[in-house]
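The structure under discussion appears below in the form of structure tokens.
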Amino acid sequence: MLHKTTDWGIMVFVSLLFLMQACSISAPLITDVKSVDLKNTEKGTKGMEVAFRIKNPNAFALKVKRFDFEISINKKPIGKAYSVRKIKIAKHSEAYYPILLETDIDQAKTLLTGFGSLFQGKTEVAMTGSVKAVAGFLSKKFKAEVKAKINLKDFF
């Protein structure tokens with residue numbers, strides 16, 4: 001009788017291992033930036049609303065809980081930005097999601113006033129950092145990097 005119980009336990013354990021492996025989360029991919037606009041945050045500070053094109057390669061929906069980015073303009077760091085507003089990304093989908101990033105944009109303006117040449121034409125903005133995603137009870141942090149060309153004089 002003890003032998004059958006042990007066999008049953010091993011089968012359950014192996015099944016759980018396969019299930020956990022099948023439920024691993026693939027990284028959501030930020031493939032493009034549609035727009036970058038200045039907005040007021042819920043806290044009343046200035047922020048940036050960025051429309052990211054995000055692809056979910058998973059066979060299940062993801063909830064993105066947090067974005068954390070270092071922002072640089074023409075490879076010069078200007079500050080950090082983050083968002084804790086949750087978004088839900090449908091399974092096997094790719095769409096634009098407007099994300100309000102909280103940042104000290106006034107500090108960034110001060111840093112940029114010395115770069116007069118940046119205000120002529122398009123400028124490269126890079127956001128590197130991480131995205132935290134959740135699927136069911138699984139949670140994982142992924143590295144993210146996205147670059148966009150914007151016209152800085154629209155911000156100032």
Ignoring ligands and nucleic acids, VAL84 exposes an accessible area, probe 1.4 Å, in Å² to the nearest 10, of 80
With all protein chains present and a 1.4 Å probe, the order of LEU62, LEU100 from largest accessible area down is LEU100, LEU62
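Suppose accessible area is computed on protein heavy atoms with a 1.4 Å probe; arrange THR41, THR128 from highest to lowest. Write down the numbers at each step before the final one.
Working: THR41 10, THR128 55 Å².
Descending accessible area places them as THR128, THR41.
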Using a 1.4 Å probe on heavy atoms of the protein chains only, the accessible area for GLU70 in Å², nearest 10, reads 80
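The values are calculated or read from the model by the stated rules, or taken from the named source; none is laboratory data. None of these values were measured; they are calculated from a predicted model. With ligands, DNA and RNA removed, areas are computed over all heavy atoms of the protein, side chains included. Shrake-Rupley method; radii C 1.70, N 1.55, O 1.52, S 1.80 Å.
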